[in-house]
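A.B. asks: The structure under discussion is supplied below as structure tokens; questions concerning it will follow.
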Amino acid sequence: AQSVAQPEDQVNVAEGNPLTVKCTYSVSGNPYLFWYVQYPNRGLQFLLKYITGDNLVKGSYGFEAEFNKSQTSFHLKKPSALVSDSALYFCAVRDTTGNNRLAFGKGNQVVVIP
Amino acid sequence: GAGVSQSPSNKVTEKGKDVELRCDPISGHTALYWYRQSLGQGLEFLIYFQGNSAPDKSGLPSDRFSAERTGGSVSTLTIQRTQQEDSAVYLCASSLGATSGGLDSYEQYFGPGTRLTVT
């Protein structure tokens, strides 16, 4: 069964500094990887995905993530954090065996300090 | 265009009562998913529909939980004889589904959720 680990509970970063949210995964075969963001009292909003191709994928709001197969990681990054980036971030994985369910990590609370 | 909608947004019910949660997916999306978000368990998969069929219902926590989808569109999640541990936010998502063939078929779009509180 597929699974995701997001090792940090909360990530604090000063506004303007680089932001990194870590994610490692476990899956049979090749992974499909996703990042979602959740603002208070809102549903999950899609940020970006890795399916195939370039290991560096770019998504919404200036976010990007790098797929590293040898380290089974898919860390989310943003070069310069904004206060409005403060939210809950979820990494998710789906395997390629036809099982369409997403397995989510526990989520990371990101706090951007003005 | 319109996104995934869910109703009601909040539901408070007494232990032992039945509840129905509704999901309207994005028009044209053949795949529909139900997840549950709770503090202790994070985000859990419940059930997946492709069209009106549910090829994967392995995430339903007990036989008190059931779901159906009609006309390849609206889905209803029913919880019978609710218990306090059923309190959570129930999220619905949809995607283009397995028949689309394109890369975008893997993106799941989520609704705002229904917050269920069982007293």
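The values are calculated or read from the model by the stated rules, or taken from the named source; none is laboratory data. Since we're looking at a predicted model, the values are computed, not measured. Every residue, glycine among them, receives a Cβ derived from its backbone with ideal geometry; neighbour counts consider all protein chains shown. Side chains included, ligands, DNA and RNA excluded: accessible areas come from the protein's heavy atoms. Shrake-Rupley method; radii C 1.70, N 1.55, O 1.52, S 1.80 Å.
A.B. asks: So for A:ASP9, B:ASP24, B:ASP86, what's the accessible-area order with a 1.4 Å probe, most first?
C.D. replies: Numbers: A:ASP9 110, B:ASP24 45, B:ASP86 5 Å².
The ranking, largest first, comes out as A:ASP9, B:ASP24, B:ASP86.
A.B. asks: May I pose another question? When ligands, DNA and RNA are left out and all protein chains stay put, how many square angstrom of accessible area per residue does chain B have with a 1.4 Å probe?
C.D. replies: Values: 5590 Å² over 119 residues.
For chain B, the per-residue accessible area is 47 Å².
A.B. asks: Between A:ARG101 and residues 5 or more places away or on another chain, which pairs have amide H atoms under 5 Å apart, with H built 1.01 Å from N, and which residues are they?
C.D. replies: Result for A:ARG101 returns nothing.
A.B. asks: Taking R0 as 25 Å, what FRET efficiency do you get between B:VAL12 and A:ASP9 from their Cβ-Cβ distance, rounded to the nearest 0.05?
C.D. replies: Numbers: r = 29 Å, r/R0 = 1.17.
For R0 = 25 Å, the calculated efficiency reads 0.30.
A.B. asks: Suppose we take every Cα in chain A and form the convex hull; what volume per residue is that in Å³?
C.D. replies: Working: hull volume 11.0 nm³, N = 114.
Dividing the Cα hull volume of chain A by its residues yields 96 Å³.
A.B. asks: How much of A:ILE51 can a 1.4 Å solvent probe reach, expressed as accessible area in Å² and rounded to 10?
C.D. replies: 20
A.B. asks: If you don't mind, another one. Could you give me D for the protein assembly as shown, from Stokes-Einstein at 25 °C and 0.890 mPa s, where the hydrodynamic radius is the Kirkwood radius over C-alpha pairs? Units µm² s⁻¹, please.
C.D. replies: For the chosen part, D equals 135 µm²/s.
A.B. asks: Trypsin sites (Lys or Arg not before Pro) within segment A:32-85: which are DSSP loop residues with at most 12 other Cβ atoms inside 10 Å? Walk me through the intermediate numbers first.
C.D. replies: Working: sites: A:ARG42, A:LYS49, A:LYS58, A:LYS69, A:LYS77; in loops: A:ARG42, A:LYS69.
Within segment A:32-85, the qualifying trypsin sites (Lys or Arg not before Pro) (loop, at most 12 other Cβ atoms within 10 Å) are A:LYS69.
A.B. asks: May I pose another question? Would you list A:VAL112, A:VAL27, A:VAL83 from the most to the least accessible area, probe 1.4 Å?
C.D. replies: Numbers: A:VAL112 5, A:VAL27 30, A:VAL83 60 Å².
Ranking A:VAL112, A:VAL27, A:VAL83 by accessible area, largest first, yields A:VAL83, A:VAL27, A:VAL112.
A.B. asks: May I ask you to list the aspartates and glutamates whose Cα is less than 14 Å away from that of A:LYS49, ignoring any residue fewer than eight positions away on the same chain?
C.D. replies: Candidates past the 8-residue exclusion: A:GLU64, A:GLU66, A:ASP95, B:ASP104, B:GLU107.
A.B. asks: Pairs of alpha-carbon atoms within less than 8 angstrom and 6+ residues apart define the contacts here; what relative contact order does chain A have, in percent?
C.D. replies: Details: 295 pairs, mean separation 43.2, N = 114.
Over chain A, the number comes to 38 percent.
A.B. asks: Rounded if a/c is under 1.5, else prolate if a/b beats b/c, else oblate: with a ≥ b ≥ c from the C-alpha gyration tensor eigenvalues square-rooted, which is segment B:5-98? Don't skip to the answer; put the middle values down first.
C.D. replies: Values: a/c = 1.77, a/b = 1.65, b/c = 1.07.
Prolate is the answer for segment B:5-98, as a/c is 1.5 or above and a/b outweighs b/c.
A.B. asks: List every residue whose amide H lies under 5 Å from the amide H of A:GLU15, counting only residues 5 or more places away in sequence or on a different chain, with H placed 1.01 Å from N in the peptide plane.
C.D. replies: A:ILE113
A.B. asks: Evaluate the distance, in nm, between pseudo-label points positioned 7 Å from the Cα of A:ARG42 and of B:SER87 along their respective Cα→Cβ axes.
C.D. replies: It is 2.6 nm.
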